[in-house]
Structures are given as structure tokens and as C-alpha cells.
1. Taking M712, is it out of contact with any Cys (no Cβ under 7 Å at 6 or more places or on another chain), touching a residue at least 40 places away in the same chain (Cβ under 8 Å) and surrounded by fewer than 18 Cβ atoms within 10 Å (Cβ to Cβ)?
2. Could you tell me whether any residue of the range 316-330 is within 30 Å of the chain's Cα centre (by Cα) and among the aromatic types (F, W, Y)?
3. Sort through L398, L391, L429 and tell me the only one that's at pLDDT 90 or above, under 22 Å from W324 (Cβ atoms) and surrounded by 15 or more Cβ atoms within 10 Å (Cβ to Cβ).
4. Exactly one of (1) part of a strand (DSSP E or B); (2) in contact (Cβ under 8 Å) with a residue 40 or more places away in the chain is unmet by I583. Its number?
5. If we only count helices (runs of 4 or more DSSP H) wholly inside the range 825-933, which ones have 3 or more residues that are of a type in the set (D, E, K, R)?
6. Residue by residue through the range 642-669, note down the ones that are surrounded by 13 or more Cβ atoms within 10 Å (Cβ to Cβ) and among the aromatic types (F, W, Y).
7. What residue, of G284, G207, is under 23 Å from V351 (Cα atoms), of a type outside the set (K, R) and assigned to a loop (DSSP other than H, G, I, E, B)?
8. Kindly indicate the residue of the range 52-68 that is surrounded by 13 or more Cβ atoms within 10 Å (Cβ to Cβ), among the aliphatic types (A, V, I, L, M) and at pLDDT 85 or above and also farthest from S259 (Cα to Cα) among those meeting that condition.
Amino acid sequence: MSEIWKTRISLLLTAIFILNAVPYGFVPHSGGELAAGASFEAARGSGALDEAAGTWIIRWDDEVPAEFAAESEIVGVQDFLQVTIAKPREPADLEAWLARWSKAEEVRYIQPNHLVRTAAVPNDPYRSEQRYLDLIGAYTAWDHVNSNTSITIAVVDTGVDLNHPDLKGNLTEGYNLLNKNKPPQDDNGHGTNVAGIIAAVGNNRIGTTGILWNAKIMPLKALDRHGTGNEDHLGEAIRYAVDNGAKIVVMSLGLHRYSPYMQDIVNYAEENGVLLVAAAGNEGSDVKYPAAYPTVLAVGGIGSNRSLINESNYGPEIDLVAPWEVYTTALGGGYEVNYGTSMAAPQVAAVAAMVWSRHPNWTPAEVRNMLRQTAEDVHMRGWDERTGYGLVRADRALTAVYKRDMFEPNNTRNTAAHLPIDHSIIAELAGGKDMDWFYIQAPYRGSVTITLSPLQSTNAQITVDHLDVNGRVQNTYPNMLGKSMTIPVTTSRSYIRVRAASESSNMAIGYELTTKFLIYSDDYEDNDRQYKAYRLQPRSQVLKGTFHQENDYDWFQIPISQDGTLRVKVSVDTSRIDPAIVIQRQGGSAREIDAGEEGKTEYSDPIDVTPGTYYILIKNVISNRTYPVTGEYTMTIEYMPKYIDPNEPNDKPYQAVMMAVGTQYNGVISSAADQDWFTFVMEDKGVVDLDIQRIPKNRTMSLTIYDSAQKMLAVYTSKLGAEKLHVRTELNQGIYYVRLTANAPFQDQMYGFTLRIHELVAGFIDIKHNWAKDTIVNLVEQNIVQGYGDYTFRPNAPLMRSEAVAMIVRAFKPQQRAAASYPDVPIRHWAYQDIARASSAGIVRGYPDGTFRPNDHVTRVEMAQMLGNALQLEELSANPGFSDIPEDYWAAGMLAALKQHGTLTGYPDGTFRPNATASRAEFANLLYKALTK
């Protein structure tokens, strides 16, 4: 959620310092539309104004106007950037002050003065060994370098314990940005942890040793005892370090938002030859700023066994990893175990100082390059987003031969090196014939701006080719040294081929290549204003969007034509988005949903909606002024219309709706007291089917039947989760009533209710129009054939062996001479007695494997054989006269006997089709013939 305008950066002591959410409302512009000038309060959210209760950073393109000085309280000035830190004088209106000066021509940008925090996780069990020194190769490195007092390393943090016996020998004069009249004494402990990792005095027979035994540590206190501080203090601390001779600045802090002010500060350090090193963060999400700026060495954490740490932040900006767990100096003169990427970053800073002791004339880019090319692969070969270029190795960094182009060999598409987005590298073309291939694989569709800068003064030029995933040239950019180009990219590979403009040149060209990714514009743009809102259909739906530009606001509208409920959910895939939702009916008040934090999902409660146009605004409230974010949000809209029951009023028996057979009646249960009554007439005795369909899955419905005197006859209730209820029952002639109720009301969908009436013939509803009706009726009257419990005979259903045997036994009444002995016909089987009698009488037999298979279907020839056996017919040697029965067919003799008996006939085409499955009607017909001959 949006925080107070002094936005707090979690300094990665994450378990301790968590910002409280500040709920705030949304005040729309009159008339239901947000005017452009009302965007500070309305479109950005009043939580932004709460944050703005602090101070603001303003960078000027010209002199500070007198009017600004008159109406503002200036609390700080940074002349080197023409930056003023200020806030409106009391009782000036903050919104008006922001609106005026954010539009002033002299202002390059105005942004909230964010808070920053320390970056360590809470302590786990105490450990006394500095095992991380082994992992990074410090012991071997000390054979070459163990100190560097020729450069200064600035620690921007909570200060340092100035009297710690294992530190004070390596401390130089620092600065307290919170109180310039006091020394930079640590009152939190985090800065003391960091300083001890870099340079606890070594070889002094007390405590621990730093990676550097002797060094010059400049303590800069920019954070208070809680580990928080303003962004301008962080920027001023970096500037102070640069201006006062520091060569390395280490920062174990961060925030999830881009800041042009911090980008300016980072650029200032790089331009002045100062290396910045920062912790990536401990949330298991995106790399935090300032580590995410391309020229800052972003450091993640790794386990003591070189395993990945899930909490260590990762992404395209990550450069290196170092051990997550350390044993280091503590506030008060002691020692302690600590964890986090804020403990990893100072290890990299110390190794960078070692490298600079061997190569004092190197640039920050060359130091970064050396650390990258000598890192140890611990996850994947080469660069990967979890560990960057790998585990920092002090021993390798001091002994390896420096490669001016660490990506070689990459002269072909097949050997192309991975070029991360939002990254900066240096490489070299060795001559006119050399080519450097890189591939970019972006996490989303979008574009990448590539900037090439020369590492030394040169008249040579570089040509860059952009190629697709198949190696086809998409565009060629000549004379790119000192320039930028922008290319479209997808989640598939894109290739960049860097080559000398002249193939005949023998001159080596060193270059720095920086990438900047911009995510795609979503399908709903341009919808940054309410009057440009993208029109959605009034239904439930899911869509994805992006924040691809500065101050991107995404408006949508839904035309509602029917009462219902509306619910909106927004989830994000990056911690760089703090989503908020605004829902407003045209002409009405708006409500804002912003309960979560950065990277968290926002939900609205179900909102009752009526016909009209509803607006939905999705915005990123991570800061007052937002910038493009590499990430997507997913908006889920649930719209549940409330249906009107067309049969109302029918809450009483005398209001019952007269039902027509076969017509579906749609309705809803609109309240707990709602009950829907229906009535129908039975002209004769028969069977009724009452069907309820489309029952909500989270509801049950009950159907109660009453007679004409409104005496209850039966109640039927659906099961929870069942979407249908089917009732079949026999009723006499008369008038009947049906009452429908539910266990809870629903109006977001309509049930369907249908009546069907069936005439009974011999107790069955499905033989009236069957060709064997008379035969079936006759056999029913003789109790030879039976139906099923649902009033059906199912004449066309295939006949099972157990059913055929039961009919034969009822018809011929054979005597049982032996018990059945089939393993698949237990004594509890419904047809056990019939199968036993038929088997002992020789009417049926089992299979060679000893089974009877009572549920198998009977073929026509098996049906004939059973009946012939029941009739005790002698098989004839004559041909039965069917075209598909040869003389040597195994049942030819019995078929001939049945045909002679007058029981058996074939099909009109002269066939018998012996292997066709016999139906229940066919068997009943054949049985009837056998009994009447």
C-alpha cells in the first residue's frame, strides 16, 4: 500500500522494520470524472499526501525562484546537483504546493524524500567461526594482499562503533548526516557489523579479522537507531564520500522504487571514479534500489554450502553473491552472528579494495569486470538471475589474468553471451574481424535501449546488428559508439552483434554496453484518464496490464445493466508494484482499496451495483511519482448479476404458478423467506418427473410435494455441490402443489424447474410405443419379466446373462438339482437361485475358467441356445437357412430346431446376426413365442 510520503526503504533488517499501512480515502472530482488537475488527491490517492507530510526532493534546471523560497521551508541544499530539500510552509496546502511546483518549468523533477532502512535478517543460532572467509578464498588472497590503506571505503549505514577495539584502528574521519554536530557513532549495530566484515583489524590477537587487516573505513551515519533515514541523507552521504576521497561506497540498504534523484547520485559517483556496492535485499523478490542501478554492484547471498538462499533477492540486475552468514563485530565492543545480503555486500566491497590495491589506476567498470570474470559458478554456468556471475572469489580476483573481454569466445550466434536487461558490462573488439555476439531474453515483451560508450578516446566506430531468434537481421545501426538504440524484444531470444565499422582496422575498441528495459504497453492503452477508460463487457473476466510509462494510471469502465455484485482483485508479480484499486459509479463517490504492501494482492469487498457505468482505476502507489516497472498486474473482475424472478409473486399456495408439461420455469430464491410455489394436474394415474437444474454449487434446494388439500406427501433435498435434483414418483389423478426452497438465498444465477408426466403401461413409462409392447405386457402379467425401480423396462437396453436366466426360470420353472458353484455368483447375488436352477437343468453353462459372468451381455445366438435348452429341443442336422450361419457353425443345429419349432425368425435380409447383442425386448418376444407354441 502507499506509505507516508517519506517512503520507507526496508534496509533489509526485514524481520524488525515493517511499515504500517496507512488507509486513506478517495475524493473524486465533482461530476464523477477526475480532472487532470485533481490527480494528486484523486488519481494518486490521499495516502500519497500522508507521505508528503515529510520533505520533498526538488531538482532545478535553473535558479530557485524567489516565490518558491517564500512559500517553502528549505531544510537542505545539494548544490552539486542543484537539489533542494523542502516542504511547504505552514499552513500552506500541500496538494496545491505540489501541483504548482511539479508543473513549474524550472523543475526537472520533484519526488518524496523517501526513508531508507538497514538490510539484515534477524539472528539465528550463534556461530563463532568466520567460515565465509574460506568460501571467498580470503586465506589464499592474503598471501597476495591483506590490506589497502591507500583508498577509503565509505560505509553508509547506522554509523560505526567508534570505540570498538577491533575497529578503531581502521577508522578514518566520518560524518553524521543526521546531526552534523555529533560523530557518526552507531546506535543500532548494523553499521558496526558491516565495518567489521570489511576491516576488523587483523593480526592483532583480539576478536575477528576483516577481509582487509588494515584499511581506511569512513563511517557515514545516514540512518537512525531504528535503521531508517531519508533518501536525501543517503544521497548526501554518497556525495560526501565521493567529494571526500572515498573510492568505494558500500550500502546495505534498499527500496523497491526507482528514483531519478538516486540515479543522478549513482551517475555522479561513477563519473568521479567511485565504485558503489549495494545489498540486493532479503525478501526473495526483485533486486532493490540502489543495487538495481546498472553501475552499482548488486550483491545477493548464498549459503555456507554454496546453496541458494530463497530469501535473497534476485533478477537481471544481480552481479555477484557472497556468504549470507557472517561472524563480525558488534555494537559495544563484542561480536555476533548476523545474516543477510547486507552482510554479503561488504565482502564484495572488501575484495574490490583488494583488487584496487593491485590495480590503482583501474576504473570502477574494470574493477566490476574483474570481480565478475573471476567469480565462481555456483548455480548455472555463466550469468544467471539467482547468483549473477557467481560467488565472489578474492583469491581469483588477485591472481587471475585480467580479460579485457570476459565474454570471449562469442564470435558467433552459437557462442553468444547472455546480456541481462538493466545491466552494464564492458567488452572489447580486438580488431576489424572480431565480432561480439550477445543474446537478450526479456521476461516480458517490450523494448531494450542499448547504449554503447567508448572506454577510451578513439576515432573508430562500431556497428550493431539486431537479429531475431533465428539469426535474421532485423535492423542495422551504424556508428553507435557514444549513442543509444532501442530494439523490440520478446521472451524469446534476440541477438545483438557488435562489430567494428571497418573490417580492415587493427585497432582494439573497448566499449561499455548498458541495457535499459521498458515493458510493453498493455492492450488497454491509452486509458490514463477517466474519460479514456477502456470499456469492458459486463461479465466476470481476467486481464493483465502493465505500468509502462511515468505516472501510468489504468482506467476501465463497465456498463452495468442489471443489479448485482462487483468484486475486483489485483495481484502483481513484482515487489516494485504496490497496487491500489479505485471503484466509482459515474456521478457517485469512489472507494479506494489499498490494504496491502508492495508486491501484495488487493481485494475489494463485494459491492452492490445498480444499472449505470462503473469506473475501475488500477494504479501503482509505491510512490507519489511512479516510473515504468518491469512486471505485470492481473486484474480479476467478478460480476454477479442479481436476477429477477419472473414468476413472482408465488410465495403462497394460492399464488402457485400453473405448470405446463415440458416448459422450463426459471427463478431465484431472493431471500431467506422466499419460497416458490407451483401446481400441476394429473388427468390420470401416472409418473411425474420433477427436475431442478442450475442449483448453485454452494447451495442446496428442497422440493416438497403436496396434494390438493395441501397435505405434504414427500420432501426431496439436493446434496451440497450437486447442481441438479431429479425426482420421479407415481401419483394418482388429481391436483398437486410443489414448493421450492433453498438453504440460503441466491440471485446471481437462476434455477430451472421442469415437469414431465408419463403414462404407465403395465407399470412402465417406456414401452407404450415399443414394437414389443403387447408381448412385454403379457409377460408382466405372468410375472415372467420385471422392470427397474424407476418405472422403466428399458426394452432397447442390452440383456445381461443374469437377466436372461431369471426370465427363463420364471417361465419354465426348472427344478434345482445342485447348487451353483461360480466364483463370481456369490450366494448373496440377486440371481443366485435362478442361475443355480438353470445351470443344474442344463439350460446354461459357465465359461472354461469356471466363471459365469452374470453381467455380460447376451448375444442373439446365446439367447437362442438358452431357449432351445429350456424347451429341451433336439439339435437338427439341417441348415437353419440363415445366410450368415454356415452348416458347421457351432449352434447351427439348435438354430435349425428353433426355426422348425416356429420360435425363431431372422431379419428381412435373410441374416440372423448371431453375434449381435440381444435387447430385452427381443428376448421377451422370443420367450413369448417359445411359451405360446
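1. In short, no.
2. yes
3. Values: L398 fails: under 22 Å from W324 (Cβ atoms); L429 fails: under 22 Å from W324 (Cβ atoms).
Result: L391 is the single residue among L398, L391, L429 that is at pLDDT 90 or above, under 22 Å from W324 (Cβ atoms) and surrounded by 15 or more Cβ atoms within 10 Å (Cβ to Cβ).
4. Just one mismatch for I583, condition (2).
5. On the way: elements: 832-840, 860-871, 892-901, 920-932.
Ranges flagged: 920-932.
6. Answer for the range 642-669, where residues must be surrounded by 13 or more Cβ atoms within 10 Å (Cβ to Cβ) and among the aromatic types (F, W, Y): Y643, Y665.
7. On the way: G284 fails: under 23 Å from V351 (Cα atoms).
After ruling out the rest, the residue left standing is G207.
8. Step one: filter the range 52-68 for residues surrounded by 13 or more Cβ atoms within 10 Å (Cβ to Cβ), giving 52, 54-60, 64-65, 68.
Remaining after also requiring among the aliphatic types (A, V, I, L, M): 52, 57-58, 64.
Retained after the next criterion (residues that are at pLDDT 85 or above): 57-58, 64.
Numbers: I57: 10, I58: 12, V64: 21 Å.
That would be V64.
The values are calculated or read from the model by the stated rules, or taken from the named source; none is laboratory data. All values derive from a computational prediction rather than experimental measurement. We place every Cβ from the backbone using ideal geometry, glycine too, and count neighbours over all the protein chains shown.
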